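Engineer: Okay, handing you the structure first.
The values are calculated or read from the model by the stated rules, or taken from the named source; none is laboratory data. These numbers were taken from a predicted model, which means no experiment stands behind them. Here the Cβ positions follow ideal geometry from the backbone for every residue, glycine too, while neighbour counts run over all protein chains shown.
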Amino acid sequence: MSVGDLVKETAQRVPDKPALIFHDQPIKYSEVDREIDRAAAGFASLGIKRGDRVAVLVHNIPHFVYAYHGLLRAGAVMIPLNTMYTTEEVSYILADADARAVVVAEPFVGTIAGLRETLPMLEHVVVAGTSAPVGAMTWEQMLGRAGDPPLVSPADDELAVIAYTSGTTGKPKGALLTHGNLLANLDQMAQAPRLAAAEGDVGLLALPMFHIYALNVILGLTLRVGATAVLMERFDAVGSLEAVERHKVTILFGAPPMFVAWLNTPGVDRYDLSSVRLAISGAAPLPGVVLEDFRRRLGITIWEGYGLTETAPGVTSNAMGEQAKPGSIGKPLPGVEVRIVDAHGEDVEEGDPGEIWVHGPNVFQGYWRQEEASADAIRDGWFHTGDVGYADEDGYIFLVDRKKDLILVSGFNVYPREVEDALYRHPKVADVAVIGVPHPYTGEAVKAFVVLKPGEHTTEEEILDFSRKYLARFKLPGAIEFVAELPHLPTGKVLKRALRDGAAAEKAPDQT
């Protein structure tokens, strides 16, 4: 079985059930299956064949689903592109992957303008819209030249997706995910009792599908079991709450900024969220206070998970334990092995921090055309995540930070996540990010970028006085910069490279 078979199998079982609800209009599984077949035939008519790479620069509209699964049915490899990428970033990925075609939604046509002239391998530009520039074709024009859908059955070890990492620390790398990797993670999540979706579930799909969390955890699980996804083009706090109420959403899939936005929505308590039986957070660390406030104010427990692009993506979940521990990423999913090791590759003692290693059938095959990086990432079957964590006495894992984000102050380790959690406790703080900056005496110093809640005012001294209750002296920020906003990826992860490069957001007014 391949990922491209998921919809076909479900459509045979529940053809008239809504697979997607888009702009309040249901789209049946039989209709989605038919559109995927048409897409597969259309791609074949362009000469796209088994193993060819095709990029998809499309936001959360049904065409993303049709293109993704259509490519897989044609035996091709899909490259999801972040819709926030610049022309230069898109060009880099298309060139790196030798993409033969790109599917682009109409709002992003300008991003790929002129790229065919500079990329010899790029033969086709297909616009998911009503009009296309010279040298490109519309989606319907591609379908109009199609014949019968190709009969391709990719094996488990064949590539399905090349998912480029976010590039938070440099140039993005293409993580090689096979059909087997993606399906294995769906099976692993299905075996976790609290996470198992059912045919009667309705999930909120507001996270961008180009991200592996939305692509496999939300969309993949939905299509696998025959559930329904409420597809939103972009996240809007009020609009999503109204959608939950209107469509009786049962699974609230989100990232930390979404849960924060819901909590800060005036009158959130008045929305009827009684249909929600499960809330899942991923893509970025969830502050413990958000979990506690969400449960206290709305009566909904958020089960935080941890995953990476390279693991398709799920690794651990709080839902694997008896309780949702604030600040914890939980325990490993069924079929996933996790080790926490020291610098010598030895398992650390309980409570001691170490690098997280992952082993399982969901672990990727390496990075596209990067043998050295692949060999460094996967050793003896274990993926070295670069993330630092520790396990408590109950086996719950707590993520400390990225190994490369570690700050050394006078030889002492400072993990930005710990400082961020402390500052986040301040009642006036809405968002925070911490980085290391050079210091002439201590080697490095801690710098915090702080976003205040609307209408709040404070000083650096007040924040530091508050933080002393939670942080040792050497962990205290040497500088605090108040900013209007932090540079976030669409999934909520802070782009710390931008902060390090001096590209922090404009200072908030009236703050010094």
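Engineer: What single numbered condition from (1) under 26 Å from Ala283 (Cβ atoms); (2) crowded, with 18+ Cβ neighbours inside 10 Å; (3) among the aliphatic types (A, V, I, L, M) fails to hold for Val409?
Structural biologist: Here Val409 clears every test but (1).
Engineer: Of the residues that make up region 358-372, is at least one farther than 25 Å from Asn216 by Cα, in the same structural domain as Ala190 (by TED's automatic domain parsing) and within 24 Å of the chain's Cα centre (by Cα)?
Structural biologist: No; the residues of region 358-372 include none that is farther than 25 Å from Asn216 by Cα, in the same structural domain as Ala190 (by TED's automatic domain parsing) and within 24 Å of the chain's Cα centre (by Cα).
Engineer: Still on this structure: For region 62-99, enumerate the residues that are over 16 Å from Asn216 (Cα atoms) and of a type in the set (A, V, I, L, M).
Structural biologist: Listed by number, the residues that qualify are Ala74, Ala76, Met84, Val90, Ile93, Leu94, Ala95, Ala97, Ala99.
Engineer: Give region 465-477 a look and list any residue that's closer than 11 Å to Val414 by Cβ and either touching a Lys or Arg at 6+ places or on another chain (Cβ under 8 Å) or part of a loop (DSSP other than H, G, I, E, B) (or both), or say none.
Structural biologist: Leu471, Ala472, Leu476, Pro477
Engineer: Related question: Going by the conditions given, is Leu195 within 30 Å of Val494 (Cβ to Cβ) and assigned to a strand (DSSP E or B)?
Structural biologist: So Leu195 fails the test.
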